[in-house]
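The values are calculated or read from the model by the stated rules, or taken from the named source; none is laboratory data. Please read these numbers as outputs of a predicted model, since none were measured by experiment. Every residue, glycine among them, receives a Cβ derived from its backbone with ideal geometry; neighbour counts consider all protein chains shown.
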Amino acid sequence: MSYGYGDAAPLTDDMIVRPQSARPTVGWRKVVYSASGGRINPGMSEAEAAKHILLRRVRRHLPGAHQIAVSSLKGGVGKTTVSAVLGLTLAEYRGDRAVALDANPDAGTLADRLTGEVGVTVRQMLENIDSIDSLTAVSHYTSLSGRLQVLASEQDPAMSEAFSRDEYERICAVLTRFYNIIITDSGTGLVHSAMEGTLALADSLVVVGSPTVDGASRASKTLDWLVAHGHGEQVAEAIVVLCCDRVSPEIDIERVRAHFLGRCRAVVEIPYDPHLATGGRLDLGAIREETQMSFLELAALIADRFSGGPGYPG
């Protein structure tokens, strides 16, 4: 990418700080480094170096806003959990603003999993949307989980069914003015009106399934439906997430992975995690390191499509 006069590349730490030997930050390597005053540097472990590389990708520069749609044809495969932990991960490791929006048409649980605050919802925001002119005004309708802002879905089923494509797009028009990353938990199914708006505005698509007969087949049918309805390019660039909380030796996971790799850009497997399995309030610090690395990989794959990333079209 070239830059002309008045359109300079962003000045980042990587550009102006001289490279140094990698300093370990955990384990015995950190102890040795600290005890020697930095004179002895055993370097990072392989695991720490891998995490460092993922973090550099996650923190890639993002001009403007990027909308991420998390979807699934089948309920109970971990879609809301993926939306929530992906949001927490991006918010924790990036310096810009991130918001998670629950667009479920049937009283979604995203806010329950993140903050427990569902008294103020997207419906109240819609009722006052014309008066929202600042981040402070938006924050009246969100709750906070770590560094992630959360916008709850309407909990009254009679009201939530009326959440339409037009209303979703009006919400997103406001959110993209004040946030760099918008994660939409789009709800189960693909034919409700708000889902049309979600797909139309999504810059990245995450399809959630599981390595089981029903979980994998429904995820594949989700891709079939998307292709049949004109979203073939989004499918080719999509990321499939397989939540491995249910596993069986009778399932050939390699064949499941190969199937989705043949259709989409990448596949990420989320291992079983006791904290995620409770179905309760999510705390990034309580998640196992292996699981955190899987979500970092997912976040890095999404950030690869930010400005300057490999394959970025802009």
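Some points to look at:
Conditions (1) touching a Ser or Thr at 6+ places or on another chain (Cβ under 7 Å); (2) aromatic (Phe, Trp, Tyr); (3) assigned to a helix (DSSP H, G or I), marked per residue:
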position	(1), (2), (3)
116	no, no, no
119	no, no, no
125	no, no, yes
130	no, no, yes
136	no, no, yes
150	yes, no, no
154	yes, no, no
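- Check on residue 226, assigned to a helix (DSSP H, G or I) and in the same structural domain as residue 195 (by TED's automatic domain parsing): yes
- When segment 255-273 is filtered for residues that are charged (D, E, K, R) and surrounded by fewer than 20 Cβ atoms within 10 Å (Cβ to Cβ), the ones remaining, listed by number, are 255, 257, 263, 265, 269.
- Subset of segment 178-195 [in a loop (DSSP other than H, G, I, E, B) and at pLDDT below 90]: 189, 190, 191, 192
- The residue that is nearest to the chain's Cα centre (by Cα), among those in segment 47-95 that are assigned to a loop (DSSP other than H, G, I, E, B) and either more than 19 Å from residue 206 (Cβ to Cβ) or without any contact (Cβ under 8 Å) to a residue 40 or more places away in the chain (or both), is 59.
- Of the residues examined, residue 276 is one that is at pLDDT below 95, in a helix (DSSP H, G or I) and buried (at least 16 other Cβ atoms within 10 Å of the Cβ).
Results for (1) touching a Ser or Thr at 6+ places or on another chain (Cβ under 7 Å); (2) not in a helix (DSSP H, G or I), shown as yes or no for each residue.
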{"site": "197", "(1), (2)": "no, no"}
{"site": "217", "(1), (2)": "no, no"}
{"site": "240", "(1), (2)": "no, yes"}
{"site": "249", "(1), (2)": "no, yes"}
{"site": "256", "(1), (2)": "no, no"}
{"site": "264", "(1), (2)": "no, yes"}
{"site": "269", "(1), (2)": "yes, yes"}
{"site": "298", "(1), (2)": "no, no"}
{"site": "305", "(1), (2)": "yes, yes"}
